[in-house]
1. For ASN262 and THR242, FRET efficiency with R0 = 25 Å and r from the beta-carbon atoms, rounded to 0.05?
2. Quick one: Cα centre-to-centre distance for segment 173-194 and segment 19-56, in angstrom?
3. Tell me which residues come under 5 Å, amide H to amide H, from GLY167 once H is placed; ignore anything under 5 positions away on its chain.
4. In percent, what relative contact order does the chain have, based on Cα pairs under 8 Å that are 6 or more apart in sequence?
5. Using modelled amide H (1.01 Å from N, peptide plane; none on Pro or chain starts), what sits under 5 Å from the amide H of GLY109, excluding residues fewer than 5 places away?
6. Can you work out ³J(HN,Hα) from phi for every residue in segment 18-29, in order, using Karplus 6.51 cos²θ - 1.76 cosθ + 1.60 and θ = phi - 60°, giving whole Hz and x for Gly and Pro?
7. State, as an integer percentage, the relative contact order of segment 228-299 based on alpha-carbon contacts under 8 Å between residues 6 or more apart.
8. Report the calculated FRET efficiency for GLU31 and ALA255 (r = Cβ-Cβ distance, R0 = 56 Å), to the nearest 0.05.
Amino acid sequence: MTVLGEIPQAPNLYGATGTTGIMTYIGDISEDGIYYFPAVTALINPITFEIIDYTIYLGSIDLKNHGNGSNVNYQPISILTTCKPYMDACILAFQQYALNPSVGEPSGGIQDWALSADGQTLYSYFGIENALFRLNLGTNSTSCVPGPVSNGLFTGMTGAMTDEFGGIYFKDGILYGHQVDRGRIFSIDQLTGALTLVTEGLPLDFRGDNAKCGNCGTTSTGGNQSASALVEVCPTSTTTYTVKVTDTNGCMTTASVTVVVNPLPTPTINGDTEICVGESTTLTAGGGISFLWSNGATSPSITVNPIVNTSYSVTVKDTKGCEASTSVAIRVNPLPVPTILETRRYV
């Protein structure tokens, strides 16, 4: 195994108020040993920390001649119009995480990417925004394809659990995505971004807006033994843990603590989910005491009037502080086109 030295940052185009960062946990390796990863340089308002401008780079390292991490090639990526809203969301998420790491890993944007078998295209999936991301290595330009409305069953969620694709990979020429904190694997259409559920119920690995209650992926029981003074446990049900302490004289005693595991709330959304263009519908959430909708509203009910098929999600929190999310898709039907038949009157 080879351990690389510190990787140099991408070029800073913005001077003293510019900042750079490397998304080191996102990457893939070509068959000839080129490691690809994204990096970003941003122009920051030093007073408000608002992002004024940014440049995305494709970083690459030849692992056969890596120079202990120093031989990095950075190429700016052309962000096409179809991709900019998604990249804006990605950059904003990382900015918020940098300003307040306690919020957990950022949700929104690229969580992982995979290189096609021909070595020409890097793919990712914006799970929160429901869009397929493609980076052409020949032109260093991006293209993004909005996923179909049918993907709304599996995308758009934030809160206790996210719908981001923390893992994405190719197998036998098929692109797969893994929603790590929901335990679901999908096949992804490389042209349309359509998702097909392959399996679910896999072990959970929470990322993004980390869940605070319920099953968090790594389970432990009171029977586990450890010689460490500090242990991390994640029981799936209320569990009592006992520690045996021995002092320098060989005397022993025990103490116990019970970890209470609260169930996640069961959020609901009620309302008319099929309307005509120009109409509005009121959606009402239940199952908790506080609410956060995908449009930013915090009231139990919202009134919306989408002009195209749109999914709305809500995260609810119960009295124990546990959170869960659900979503609903609103179908918008076009108005009929009236016709007038020609009439003639003969005298």
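1. So, using R0 = 25 Å, E works out to roughly 0.70.
2. Between the Cα centres of segment 173-194 and segment 19-56 lies a distance of 24 Å.
3. When sequence neighbours closer than 5 places are left aside, the close amide H contacts are HIS178, VAL180.
4. In percent, rounded to a whole number, it is 10.
5. It is GLY127, ILE128, GLU129, by chain and number.
6. With coefficients 6.51, -1.76 and 1.60, one gets x, 9, 10, x, 10, 8, 5, 7, 10, x, 8, 10 Hz.
7. Worked out over segment 228-299, it gives 21 percent.
8. 0.50
The values are calculated or read from the model by the stated rules, or taken from the named source; none is laboratory data. Predicted, not measured: the structure shown is a model, and the values here were computed from it. Using ideal geometry, Cβ is built from the backbone for each residue, glycine included, and neighbour counts are taken over all protein chains shown. Just so you know, the surface numbers come from the protein's heavy atoms only, side chains and all, with ligands and any DNA or RNA stripped out. Shrake-Rupley method; radii C 1.70, N 1.55, O 1.52, S 1.80 Å.
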